Each structure stands twice: as C-alpha cells, then as structure tokens.
Amino acid sequence: MSSKMRWAMLISLALVILVIATACGPAPTPAPTAAPAMSSSSAASKPAAGGKLEMFSWWTAGGEADGLKGMFDAYKKAYPSVEIVNATVAGGAGTNAKAVMTTRLFGGDPPDSFQVHAGLEVATYTPDKYLQPLDSIFTSEGWDKVFPKDLLTLLKYQDHYWSVPVNIHRANVLWYNKKVFADNKLEAPKTYDDFFKVADALKAKGIVPFVFGDKEGWESAHVFETVLIGTLGAEGYRGLWTGKTAWTDPKVTEALNTYKKMLTYTNTDHAALTWDGAGEYLLNGKGGMQIMGDWQDGWFTSKKFTDYGWAAAPGNAGIFDALSDSFAMPKGVKNQENATNWIKMAGSKAGQEAFNPKKGSICARTDCDQSLFNAYLQSAAKDWQANALVPSVAHGAAAFEKWATAYKDTMALFVTSGDVAKTQASLAQHCKDNGVCK
Ligand code: GAL
C-alpha cells in the first residue's frame, strides 16, 4: 500500500473522530482572537534578553529526561541568558501530568509550553480559549514542507495548528534480552503461539517470561492495544475506533483471552513497578521479553544497555502503532518571546536531532540526519515508511481523551479481575457512551 494510502486511512480515522468529538464535545467556544505576537525568523534569531522559560512535561525517566535535556541544551546554546524551568510531573503516558496541566491552564497559571500528544488530545485543553494558534509559526518556519503532509492534517484541530510535533513513537514493540534468548536458543516470537512457547521455555529456566509493570494503570491498556492489533489486524483495529469493528466481535474476546494468558507469565511484583522499573528485569537478565513503546530504546540507551533485541509485538509485523509528542503554547504565558523561540526550536532540525536519538523516537521532520540514530531507530524510520500505520489509543492518537481514559481504566482493572465477558461488555459500552457505536 502506498504511503499516501496508509496516511489517508489514518487521517480518515482522525476525521471520523473529529466529527464525533465535535458532536459529543463541549459547546463550541468563539473563534480564536488575534494570533500571538511573534518574531518571524527561525530558532536561531537574535537571543532573547533573558528571563525564564517554563516547560511542562511528564518526562522524568532515563531517555525521556535525557532527550528533553538535549533540546534544552540546544535552546540554551541559542539563548544563553534564558533560565529554563523544567516543570515535570512524573507518570508515564501523562497519567498525572494531564490533570495538573488542566488545572494550571484553566486556573490562569499556564507554563510557557507543555507536552500534548498530536491529535485530538488537544481538545481536552479547549484550545480556542486557552492556547495560542501556531499557524503563523508553521508558515514562517516552513513546517508545511518538512513535516509529513498527513501529520499536519492530524495536528489541525478546528482549522488551526495548536502544537508543534517533536517526534514519532512506535508503541507496538517487543523488546528482549539477547543473551537470555541466545543462551536458551530462542527467537523473537512472531505469533501468539510462538510467544507462549518461548514463555514456557523461559519459565522452565526460572526466567520471568513476560516482564510487566502496571503501577500506573495505562501500561495494561498499552499492551492490550498491541494484542488487539495482533488479533484483529490493522483494519480491524482501526475500525474499533470508528465504529466499523464491533467491540462485541469474537476477535475481541479472543484478544482478551490471549492477553489474560499472557498475564500469567509476568513477574509477581508487576503492580509495584512502572514501565522503566519493570525494564530492569531485562537489563539484569532475570526477564526475557517486554512489550512497550520505543521510549524503552531511549531508556536502554540512558542505562548504557546494548544487549537488547526488538521485534514487532506478536501478530504486529508490518503494522506501525504510531503516536507523536508535541508542544503547545498557552495564551497569557509569562515569557512570550522565550516561549515562541522554544516552539521554533522544538520544530527545528537542530532541536529534533538533539532530542530524538536520546528520547528513543524518530524525528517528526523528514530531513533529520539518520547517522545520528542507533540501529533500532534507523529500523523504526524504515518501518514508518513501509508499514501500515495505526493510531495508538493509550497515547492519545486514536480516540479523544474521555474515551481513551475509559478504555485505559477498564484495561487496568482487567489485570486483577481477568473477567473477559465483563471487560468486553464495558469496552463495548464505552464505544456507545462516546457516540461511536449504536
Ligand atoms: C507516552 C509519550 C512518550 C513517553 C511515554 C511513557 O505517552 O508519548 O513520549 O513519554 O508516554 O511515559
């Protein structure tokens, strides 16, 4: 399938969701007022006089923190007299940060810039009321030419750009410890049958087969999204978010049963561990496999761990489960000029090349120097071009926030309940509650 077609499918999904979001979302607010004052040139324009720049994110772990620091360093180089305030609220996938951000924004105390997933997640922040449209920066920086056309379409909400994309992440990756696999003559599983064979072999050796950490809840939703993709295929999975695939479909039952079985191979302390905490099992060779997004690659890099292998999650070969992080700029920021320069830096080649190799993601821009990236990221860049693209629900790309949260909560509960029928019924109900299923 051509890249144009793949994107077209992703975009048509975004448009369907947009229509639904508009129908179900809050009453429309007035159109945005004048665009913010901003300098017209690039990130390397004249240094600001000084002052602060407060950047808000949830990036505190390993490669996430290193990547952000990489971009801060690039900013500091261009604007040495600006003091950067790194406002972070820990919690993967923005578990805690999003609520704090909403409170700050709606309470009139916005940071100068903040992290938001590209796509409909921005609707959570009532952008026409609280955010500055970035359209004129997109034009002045020539971003309409360096970001893939359809990513631009995905970013547009209510006919404006509200955030600048800094990366593309892949969510459906199976990571494994190469030495553990080699010692036991194992290969990365391609199917669920393979997965359980490998898991049994590891279990027999006293190695945790399937490393898992679900302390924050969203991790379960993340892994299950890959099982849905692996069981229903790209089109079937996409259809779950557009109403084309019924949540009552027997394939969803099958996916829940598969996932339930996978959970019987996890480390017993999973409820006490975050994604990166669980990753320690892979590092010290006490665990075999983990399914996580490619921020795990950044985390391995930050730990100087290189003996890891990767493959698409079982059944996910040829499918790229995508998400993108982006930065927005609220209205009424305390440091307007510094904030504008930050947004420009985030979209620049220098900024993205400083950020992504450490973060464990590929650039949102199409012109980054591939030699800066490790072998995994170079392979991800190729897959991004060649694979069918599907949007991640756990990370804001497939559904608007209310539905994504309901899905995440349900799948967090499933880890302890294991109740397939009840879980499937509530997943189907969420689809109805959000106006997508009849
Ligand atoms: C995602 C985010 C990634 C990474 C991950 C784990 O939602 O897009 O950049 O931070 O959460 O925290």
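Please treat every number below as a calculation from the coordinates, not as lab data. Small disclaimer: the values here were computed from a predicted structure and weren't measured. Don't worry about glycine lacking a Cβ; one is built from the backbone with ideal geometry, like all the others, and counts go over all protein chains shown.
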Taking Cα pairs closer than 8 Å and at least 6 residues apart, the relative contact order of the chain in percent is 28 percent
In vacuum, with every alpha carbon of the chain counted as one equal point scatterer, what does the Debye formula give for log10 I(q)/I(0) at q = 0.07, 0.09, 0.10 Å⁻¹? Two decimals, please. -0.32, -0.54, -0.67
Rounded to the nearest 10, the angle in degrees between the Cα long axis of helix 218-240 and the longest principal axis of the Cα atoms of the chain comes to 90 degrees
What's the magnitude of the charge dipole for the chain around its Cα centre, counting Lys and Arg as +1 and Asp and Glu as -1 at the beta-carbon? Answer in Debye, nearest 20. 220 debye
Relative to the first principal axis of the alpha-carbon coordinates of the chain, what is the inclination of helix 336-347, with its axis defined by its Cα atoms, in degrees from 0 to 90 and to the nearest 10? 40 degrees
Relative to the Cα centre, what is the charge dipole magnitude of region 319-368, using +1 at the beta carbon of each Lys and Arg, -1 at the beta carbon of each Asp and Glu, and rounding to the nearest 20 debye? 180 debye
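Take the Cα radius of gyration of region 313-424 and divide it by 2.2 N^0.38 Å, with N its residue count; two decimals is plenty.
For region 313-424, the normalised Cα radius of gyration comes out at 1.38.
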Suppose each label sits 7 Å from its Cα in the direction of the beta carbon; what would the Thr366-Thr306 distance come out to in nanometres? 3.3 nm
Search the structure for amide H atoms under 5 Å from the amide H of Asn172, placed 1.01 Å from N in the peptide plane, and list their residues when 5 or more places away or on another chain. Asp321
For region 109-249, build the charge dipole from Cβ charges (+1 Lys, Arg; -1 Asp, Glu) around the Cα centre, then report which of Val146, Ala201, Ser113 sits farthest towards its positive end. Ala201
Amide H of Asp325: which non-local residues (sequence gap of 5 or more, or other chain) have their own amide H closer than 5 Å, using H built in the peptide plane? Ala118, Val166, Asn167, His169
Do you know the relative contact order of region 145-261, to the nearest whole percent, from alpha carbon pairs under 8 angstrom that are 6+ apart? 15 percent
Quick one: if you stick a label point 7 Å off each Cα along the C-beta vector at Ser81 and Glu254, how many nm between them? 6.5 nm
In a Gaussian network model of the chain with springs linking alpha carbons closer than 10 Å, the residue among Lys129, Lys331, Lys358 that fluctuates most is Lys129
For each pair in Lys76/Lys145; Lys77/Lys359; Lys215/Lys408; Lys156/Lys344, compute the distance between the two Cα atoms and list the pairs where it is over 23 Å. Lys76/Lys145
Mind listing the phi-derived Karplus ³J(HN,Hα) values for region 391-408, rounded to whole Hz, using 6.51, -1.76 and 1.60 with θ = phi - 60°, and x for any glycine or proline? x, 6, 8, 5, 10, x, 9, 9, 9, 6, 3, 4, 5, 4, 5, 4, 4, 5
